[in-house]
Every structure is written in structure tokens, then in C-alpha cells.
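Just below is one structure, and these are the notes that go with it.
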Amino acid sequence: MAIKHNQQIPHNHFRKDWQRRVRVHFDQPGRKLRRRNARLSKAAAVAPRPVDKLRPIVRCPTIKYNRRVRAGRGFTLTELKEAGIPRKLAPTIGISVDPRRQNLSTESLAVNVARLKEYHTRLILFPRKLGQHKKGDASKEDVSAVKNVVTRVKLGLPIVRAEAGISEIKKSDMPEPIEGGAYRKLRDLRSEARNLGKREKRAKEKADEAAAAKK
């Protein structure tokens with residue numbers, strides 16, 4: 001293609017020292033092993049506690065994704081109150097708390113309260129110091145009987161995808177169609193509600209005139 005007008009003369013640089021700027025990942029297997037060892041050492045350091053915290057079940061935002069459920073940031077103060085867990089105690093026993101989140105439905109509140117109660121029944125709270133039991137700590141027999149410990153909370157209390165709230169119905173079960181159409185019916189009802197006062201006033205005036213005419 002010919003160059004027209006007063007444009008810049010092409011001067012392409014095809015001999016850059018690109019070998020010096022190439023990044024390779026030959027250490028990927030080694031990094032993988034280091035991450036695995038770090039996870040194991042962390043689990044051993046906090047054992048018998050799980051490495052993660054209990055998270056609530058929340059729905060994804062927007063109409064496109066709100067049929068899905070996932071793990072949230074933390075439980076609301078209302079959920080903790082309903083479950084009977086003090087808000088200051090919750091973070092110390094492996095429960096994540098989010099004071100900013102609000103419960104917008106009774107269904108989500110009930111689901112997360114049940115999740116908290118299930119966690120609390122499974123919880124075995126070790127005493128901070130041996131021989132010094134406080135209120136809420138597990139007994140010595142319970143501590144000694146512990147065998148199977150869950151290393152991750154999400155394995156013991158997984159978040160299962162909820163069933164869709166939409167179900168198919170037969171054509172015979174569908175409601176009868178509205179005569180004249182639903183739109184026309186709604187407009188008529190709206191008009192009647194708007195003009196109700198005027199019509200009642202007009203009818204009352206007409207009745208008063210008729211009563212006065214009879215006298």
C-alpha cells in the first residue's frame with residue numbers, strides 16, 4: 001500500500017533484545033510443592049482447629065445469578081442473636097462475622113441460623129489451659145474422646161446448591177385468561193381507584209338534589 005500525505009516514515013524495530021524480557025515459569029513444580037508444604041504446616045500449627053472459618057450461605061447478586069448460592073463474608077448480628085451466640089465470642093470459636101450485611105428475607109435468616117446451630121452442636125471447645133475449665137468448654141471426657149477432626153469447615157458443613165424455586169405446571173392448571181386482557185383490566189381498576197372520590201361526591205350531590213326536589 002502506497003503512503004500518502006505527510007505521514008511518519010515506517011521504521012519498525014524487529015531486532016529488539018526480546019530474550020532478555022521473556023519470563024518463564026520453570027519453578028512451577030517447586031512452587032506447587034512449597035504451597036502444599038505451607039498448607040500442611042499451617043494445618044499442623046492450628047490443629048485440632050480447622051484452617052478456615054464458618055461462612056454463611058448467601059445468594060449471588062443480580063437476576064442472572066441469584067439462583068446460585070455461595071459462601072458469604074460473615075454472619076449478621078441478627079443471625080448470631082437468633083442462634084444464641086454472642087457477637088464477641090463468635091470470632092474466637094471460628095465463626096466469621098460481618099456487621100455490615102443485612103438480612104433481607106426470613107428464608108436466608110432461617111438457613112443461616114440453622115447452620116450456626118448445627119456448627120455449635122458439633123463444636124468441641126478445648127480449654128485454653130489444661131485443668132482450668134470455663135463455661136462452655138468441653139468436658140475432659142469429650143476432649144479425650146475426640147478422634148475424627150475436620151481440618152476444613154467447608155468439608156464438614158458444605159454449601160449445597162439449593163433447589164430452583166421454579167417448577168413446571170400443566171396447561172390445564174394455568175389460570176383462566178382475563179376478559180379484555182390483563183392490561184385493560186389493570187388500567188380500569190387504576191382509573192376506578194383514582195376517580196372513586198369524585199364519583200362518590202357526584203352521586204351524593206345528585207342524591208341531595210333529588211331529596212331537595214321532593215320537598
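Taking residues in the range 83-112 that are within 16 Å of ASP52 (Cα to Cα), and partners anywhere that are charged (D, E, K, R) and open to solvent by 70 Å² or more (accessible area, probe 1.4 Å), the pairs with Cβ atoms closer than 7 Å and at least 6 places apart or on different chains are GLY94/ARG49; GLY94/LYS53; ILE95/LYS53; SER96/LYS53; SER96/ARG55; SER96/ARG73; VAL97/ARG87; ASP98/ARG73. Being more than 25 Å from VAL149 (Cβ to Cβ), at pLDDT below 90 and part of a helix (DSSP H, G or I) holds for only one residue in ARG15, ARG20, ARG31, and it is ARG20. Against the test of being under 30 Å from GLN102 (Cα atoms) and surrounded by fewer than 10 Cβ atoms within 10 Å (Cβ to Cβ), the options PRO61, PRO10 yield a single qualifying residue, PRO61. Taken across the range 81-102, residues that are open to solvent by less than 90 Å² (accessible area, probe 1.4 Å), within 13 Å of the chain's Cα centre (by Cα) and modelled with pLDDT under 90 do not occur at all. Filtering the range 114-155 down to residues that are farther than 23 Å from LYS81 by Cβ and of a type in the set (S, T, N, Q), which residue is modelled with the highest pLDDT? Top of the filtered list is THR151.
The values are calculated or read from the model by the stated rules, or taken from the named source; none is laboratory data. Keep in mind that what you see is a predicted model, and the values were worked out from it rather than measured. Neighbour counts run over all protein chains shown; Cβ positions are idealised from the backbone, glycine included. Keep in mind that these areas ignore ligands, DNA and RNA; they rest on the heavy atoms of the full protein, side chains included. Shrake-Rupley method; radii C 1.70, N 1.55, O 1.52, S 1.80 Å.
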